[in-house]
Structure formats: structure tokens, C-alpha cells
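Below is one structure, written out as C-alpha cells, with a few remarks after it.
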Amino acid sequence: MKEPKVEEYFQQDYKDMYQQGVNIILQTMKNKKKILVYGDYDSDGITALSALYLCIKEVDIDEEGIIEND
């Protein structure tokens, strides 16, 4: 069985946007700034917010999570 590659999980059309997001997070880490993670109140919004929040917390960035409630 072939070992999956991370690149296979991303839509190549959005590759530049992904890289821009990574660059923003890395710059924020370097400058020791706080990141606000914002998500809406549906299943994919909560899942995305939780995943990003846990990843950011794992690399010890000052973070805050907000879930829209309307």
C-alpha cells in the first residue's frame, strides 16, 4: 500500500492561500503575538476551530478561541 503524502490532502488551487496562512502563523510566533481563532457554530466550524486551536496550543502560541453563537 502506498504511503499517503500530506500534499494529497490539499486542493492545489489553494496552495498559495495555505502557505500565506502558515507564514502568518510563523510570523506571529516569531513576534510573540496572540492569535484569535474564530469559528462558526456548525459541525465543520467547530471541528476546524478545535483542530486549529489545539495545533496552535501545541506549539505554545498565545491563543484565544471564539465560536459565533447566532
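Values quoted throughout were computed directly from the atomic coordinates according to the rules given, and no laboratory measurement underlies them. Note that the structure is a prediction, hence the values are computed from the model and not measured. A quick note on method: Cβ atoms are made from the backbone with ideal geometry, for glycine too, and the neighbour counts reach across all protein chains shown.
Structural remarks
- Label separation (T47 vs I25): 1.8 nm, computed from points 7 Å beyond Cα along the C-beta direction.
- The simple spin-label model puts a point 7 Å past each Cα toward its Cβ; for I61 and D40 those points are separated by 2.3 nm.
- Pairwise FRET efficiency - L54 versus K2, Cβ, R0 = 30 Å, nearest 0.05: 0.60
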